[in-house]
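Reviewing the structure listed below.
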Amino acid sequence: MKALLIVDMQNDFMPLGALGVAGGNEIIPIVNHLIPQFSLIIASKDWHPIDHVSFAKTPHKKEGEVIDVKGRRQVLWPLHCIQHSHGAEIVQELHQETIL
């Protein structure tokens, strides 16, 4: 069995998203082309509660700052992939019929 793992293909990571990646949408056709070649397709999601410790808003700091969380360095990010939000959803253009 061949498996394909699609990681974080979510609205907030697309170019106009809250934590957009320039050109991120350009891989959607490539992934769609690969999907039929696999018998198991799994898509992961970044999925945060609104008060997640990694958000700059939570500790009232600036995006990009680094804080200590239980002895570990944590980069602070803008709000993104909030549970049940549009930004957390898998991009509509991805062929999702066979994805777990």
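Given the options 48, 80, 60, state which has the largest fluctuation in a GNM of the chain using a 10 Å cut-off (strictly under) for Cα springs. Answer for the Gaussian network model of the chain: 60. Residues whose amide H lies under 5 Å from that of residue 48, counting only those 5 or more places away or on a different chain, are 82, 83; hydrogens are built 1.01 Å from N in the peptide plane. Here the sum of -39500 (n - 2.57) over DSSP H runs of 4 or more residues, divided by the residues of the chain, equals -1500 deg cm²/dmol at 222 nm, to the nearest 500.
Using a probe of 1.4 angstrom and keeping all protein chains present, the accessible surface of the chain works out to 67 square angstrom per residue.
Put a plus charge on the Cβ of each Lys and Arg, a minus charge on the Cβ of each Asp and Glu, and nothing anywhere else: the dipole of the chain about its Cα centre is then about 400 debye. The portion of the accessible surface of the chain made up by carbon and sulfur, rounded to a whole percent, is 58 (1.4 Å probe; DNA, RNA and ligands excluded).
For the Cα trace of the chain, dividing Rg by the Kirkwood Rh returns an Rg/Rh value of 1.05. Look at the Cα gyration tensor of region 55-100: its axes a ≥ b ≥ c give a/c of at least 1.5 with a/b over b/c, and that counts as prolate.
Compare 38, 13, 55 in a GNM of the chain, Cα atoms joined below 10 Å, and give the one with the largest fluctuation. Sorting by GNM fluctuation, first place goes to 38. Annotation for the chain: trypsin sites (Lys or Arg not before Pro) lying in DSSP loop with at most 11 further Cβ atoms inside 10 Å of their Cβ are 2, 62, 70. Springs join every pair of Cα atoms under 10 Å in this Gaussian network model of the chain, and among 12, 51, 68 the largest mean-square fluctuation is at 68.
The values are calculated or read from the model by the stated rules, or taken from the named source; none is laboratory data. Bear in mind that the values here come from a model prediction, so they are computed numbers and not experimental data. Don't worry about glycine lacking a Cβ; one is built from the backbone with ideal geometry, like all the others, and counts go over all protein chains shown. For the accessible areas, the whole protein counts, side chains as well, though only heavy atoms, and no ligand, DNA or RNA atoms are used. Shrake-Rupley method; radii C 1.70, N 1.55, O 1.52, S 1.80 Å.
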